[in-house]
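Participant: Once you've had a glance at the structure underneath, I'll fire off some questions.
The values are calculated or read from the model by the stated rules, or taken from the named source; none is laboratory data. Values in this document were obtained by computation on a predicted structure and should not be read as measured data. Positions of Cβ are backbone-derived with ideal geometry, glycine not excepted, and every protein chain shown enters the neighbour counts.
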């Protein structure tokens, strides 16, 4: 990368900070995939299968409206060594996964890692909601066709990687979300099926237009941050996992998308936090809130960037100001 | 002040004796009158000595004559020159009316005194002598005394109107330029005077009505110069002009807006220069000479005003700026608002958009050559400038008889403005901060030698804080900072071997550093100890053949520490860098060595036809390959005012260092190649107005492009390029006018083809580039100007979908092809208003330079949402008013 490019990028960042912005990334406005969980058969907490083991992969699909049925198509293959862009297969695919059920389930598939596996595996595919997934899609060359659905339906192209543990150092367990707090209090309210009429329900309520900055904190369970040996060329370094934690919401008001658990609990360094935390305020919503209240759904996804991931959903009830 | 030497003039002092009337005309009684000197007849003496008889009858009352109108005699020139003084005794007969009836010399003094005295006295008028009140004629003795007078203290000069005087000096050594014709014309063209400077180079126009005057200096050796001056009633306007001797002849000016310069043939087909008189007056540049390049045809507009140099559809890294023949690592500070060298130290800026000389190599785009001038040797001069953008000061002065020096410094003010103007919550914790400095010394130990020592540098720093909430990629967080600096020490020696041979040696030693950090995700720390060496020998074999040969080499140790994503190709990169996957950590400590040899034969087979044949051999240590580029340019003067020109040549450029690095790229890469073809015509419609039309075609091959997905070997020489277009230019030069102007229009298309893909548009392809600049000098030191730019929007991508990585939650855009859409038309108007006040010893100027006067929200690109289904435009720089004050002595 040229230094001039970097300069431009930096200036761009500065200008972006001053100008108009599209919808924030954390805002859920439609169906979208916010992650994938990997669970080894017989050891569900482990995200990295060994050669010869099977792994269950589940795509975390969320949407603003009520869940709908979906279909999906996935191919699994050995990845080519690429530096940028969407990866592609090295050779022919070795497995396929197709899902087309009337039930409302998250897209998922199982993959049996070949006994002679020597590296990670990649998967490419598409998910279609409210329609039929496009089986003619060539997931190794998306430029040929980019429509995940045949006819109607809204979909998303996807890629992923199944990390295979070649040794004990590469064995990785998914992090686990231990507790979520809202304004310092444990927050356990899960989203109801109904999107409105929550004012009389048990959900914690916040008032529309309230400029209070509520603190949302997420603790990782003990042992979630594993230590491993990072190999960089000829160097080997002992590293403790960092846990990027993404926050999503169905209404505006979150401070941002990410908070990273990467620090010592006693540290005052803002970029080194022992727990994930973001603020939320209820005055960013641009439209009036229904008299009966509106459910705001939050999705929190914690990952360790080595294939491990955990996810919880929470909800608030937004009520109009009296 | 009035430079004339006051001549010791002869002063005539008279003394005459009228106290005694030596002989009364007629029969009246004689009287005795006291007198200062004996000057009467013997009769009067008798009377004076006669005893007084109290019983005698009452004597009539006699009043002697006295001078009523004195006439000054002309001091005899020879006597004055010889320093002689004298007194002439005369007998003067005065009539009853007081007139001089007769005069004769009694005691000759010679040397012309007698005649002069008689001639004067005969024109005297007297009050007649009276007796008892009645006038009567008398004859008196009168002595006229000639006496040299000491110069009296000069009385304060009364200047009912105004006076314009000045001195014309040679810029190179401060010597007076004599026998120069100076023509003064009043603003209404009614008054016109003409004179020639004296031995001291001075000229004086006296008794001028107040107002503005156009002053033209006409020389053969120094060319012509036009200035507008203000004359104020009761004041002396004293000016000093420094004129540079015209280029003695190595290169011809194919000038864009150049003064009338006739030189030997060109080494380039197209060389566009801006005269110094206009360099600092281009609206929208804040008087920055290097930014004036933006108005030239063939120069595209960089996005966000980043200062990137995009010449004739070439990538910024394909072009180079040179200072006295050695590379300048950066031309502008951050934001492109200011260049890194004080404009007032520049002598000339030459812009070669293509088909440039074999003197320049390792680039396939265009070249900008910056020549600095010698500091003034005629005394101390200085200029200081303060604006909301930056503050600067420059001083120049002689060092003994044969040397002179200049020192300058500049520091940005933007950060101070940011701190006090911008809100606190936008994430920017530090605005761009820059400074630069220059220390130049020129020494001429002999008439045939000129030594130059240039020490200059620049430092840019920019930092922002990206906290968790701003980034959508958790890998990009923390502090982001960019520092770019260089310190260069340059030595130049020019030696003249007789009249026909010149040796130029330029040596550079520099430390260039660049640091970029983006939290833990990205780190770039580069230190470059660059040395460059150029030795060039020019020999005029005869009137038709000139030969040039040179060595151009660089030896550059460097260290780099890098962590971040693998770099992709410099232009046309299809994907954003991935900060999560494939991040690498890399360190290198190596030496780059690039020697080259070049030669040129500048031939005039017959008078109207000139041709320059050249060639250049390059070697690059990193890729271990030689290269040879032949080049040719030619001109044909088909009429006195019309010239045809054309050229063709090969140009080569080594890959970027990371592209041919064995770890980051492919060490088997070869030279990037290009061929330039151009042809055009220049027509001097009338003196000072030139039209030009030129067509060009450039073919590129062996471009370095990424392999699909960046798989090994990551980079290959499989890219092609083609650029073609036409440039139309018109310029009205400032010489002899109150205004000047430039108009340029470029129609071009620049395309690339990457490793077998379809042809696509170049990242910065701009089909239409139109620039109109004009500046007008109003009376009383006012000047106003404007620059209008209309430019096609840069190409951009149109995503047709996206792919989400479910592990990292990153979205990658899917584009049907690169650069398939364009940003809207860019348009912007800049204006500049300046008011100058001229005092006896210094000048003051107040200026307002406004970029983007009507605050057009020009779209520079799009910001997409996470999955590329929603976008909002990124707009460029808003209105930037820069109010400033400048003082000069």
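Participant: Please work out if residue B:415 is touching a strand residue (DSSP E or B) at 6+ places or on another chain (Cβ under 7 Å), modelled with pLDDT under 85 and within 14 Å of chain A (Cβ to nearest Cβ).
Facilitator: So residue B:415 passes the test.
Participant: Give just the number: which of (1) more than 14 Å from every other protein chain (Cβ to nearest Cβ); (2) closer than 25 Å to residue B:484 by Cβ; (3) in contact (Cβ under 8 Å) with a residue 24 or more places away in the chain does residue B:524 not satisfy?
Facilitator: So the condition that residue B:524 fails would be (1).
Participant: Within the range B:857-889, take every residue that is away from chain A (no Cβ under 11 Å), assigned to a loop (DSSP other than H, G, I, E, B) and under 30 Å from residue B:836 (Cβ atoms) and give me the one that is modelled with the lowest pLDDT.
Facilitator: Looking at the filtered set, the residue picked out is B:889.
Participant: Looking at the range A:154-172 only, could you name the residues that are more than 9 Å from residue A:47 (Cα to Cα) and at the interface with chain B (Cβ under 9 Å from one of its Cβ atoms)?
Facilitator: Result: A:156, A:157, A:158, A:159, A:160, A:161.
Participant: So which of B:83, B:95, B:112 ends up being crowded, with 16+ Cβ neighbours inside 10 Å and closer than 18 Å to residue B:145 by Cβ?
Facilitator: Among B:83, B:95, B:112, only B:112 is crowded, with 16+ Cβ neighbours inside 10 Å and closer than 18 Å to residue B:145 by Cβ.
Participant: For the range B:809-827, indicate whether the set of residues that are over 25 Å from residue B:658 (Cβ atoms), in contact (Cβ under 8 Å) with a residue 60 or more places away in the chain and either crowded, with 20+ Cβ neighbours inside 10 Å or more than 14 Å from chain A (Cβ to nearest Cβ) (or both) is non-empty.
Facilitator: Checked against the condition, which is being over 25 Å from residue B:658 (Cβ atoms), in contact (Cβ under 8 Å) with a residue 60 or more places away in the chain and either crowded, with 20+ Cβ neighbours inside 10 Å or more than 14 Å from chain A (Cβ to nearest Cβ) (or both), the range B:809-827 yields at least one hit.
Participant: Do any residues in the range A:52-68 that are within 20 Å of residue A:36 (Cβ to Cβ) have Cβ atoms under 6 Å from those of residues that are assigned to a strand (DSSP E or B) and at pLDDT below 90, where the two are at least six apart or on different chains, and which pairs are they?
Facilitator: Filtered contacts from the range A:52-68: A:68/A:129.
Participant: Quick check, is residue B:659 farther than 24 Å from residue B:594 by Cβ and buried (at least 16 other Cβ atoms within 10 Å of the Cβ)?
Facilitator: Criteria not met by residue B:659.
Participant: Same structure, new question: Scan (1) modelled with pLDDT of 90 or more; (2) crowded, with 24+ Cβ neighbours inside 10 Å; (3) touching a strand residue (DSSP E or B) at 6+ places or on another chain (Cβ under 8 Å) for the single condition residue B:321 breaks and write down its number.
Facilitator: Condition not satisfied by residue B:321: (2).
Participant: What number of residues within the range B:777-804 are in contact (Cβ under 8 Å) with a residue 24 or more places away in the chain and at the interface with chain A (Cβ under 10 Å from one of its Cβ atoms)?
Facilitator: 4
Participant: Can I ask one more? Checking the conditions here, which among B:240, B:197 is modelled with pLDDT of 75 or more, within 18 Å of the chain's Cα centre (by Cα) and over 29 Å from residue B:641 (Cα atoms)?
Facilitator: Result of the check over B:240, B:197: B:240.
Participant: How many residues are under 40 Å from the mean Cα position of the chain (by Cα) and at pLDDT 95 or above if we restrict to the range B:648-677?
Facilitator: Summing the residues that are under 40 Å from the mean Cα position of the chain (by Cα) and at pLDDT 95 or above in the range B:648-677 gives 15.
Participant: Only one of these conditions is not met by residue B:570: (1) under 35 Å from the mean Cα position of the chain (by Cα); (2) more than 23 Å from residue B:324 (Cβ to Cβ); (3) surrounded by 21 or more Cβ atoms within 10 Å (Cβ to Cβ). Which number is it?
Facilitator: The number of the failed condition is (1).
Participant: Output the strands (runs of 3 or more DSSP E) that fall wholly within the range B:711-807 and possess 1 or more residues being modelled with pLDDT under 90 and over 25 Å from residue B:673 (Cβ atoms), or say none.
Facilitator: In the range B:711-807, B:715-732, B:739-754, B:768-777, B:799-805 are the strands (runs of 3 or more DSSP E) which contain 1 or more residues that are modelled with pLDDT under 90 and over 25 Å from residue B:673 (Cβ atoms).
Participant: Among what's in the range A:13-51 and is in contact with a helix residue (DSSP H, G or I) (Cβ under 9 Å, 6 or more places away or on another chain) and facing chain B (nearest Cβ under 7 Å), pick the residue that is modelled with the highest pLDDT.
Facilitator: A:18
Participant: Another one. If a residue must be in a loop (DSSP other than H, G, I, E, B) and surrounded by 23 or more Cβ atoms within 10 Å (Cβ to Cβ), how many such residues does the range B:327-358 contain?
Facilitator: So the count comes out to 12.
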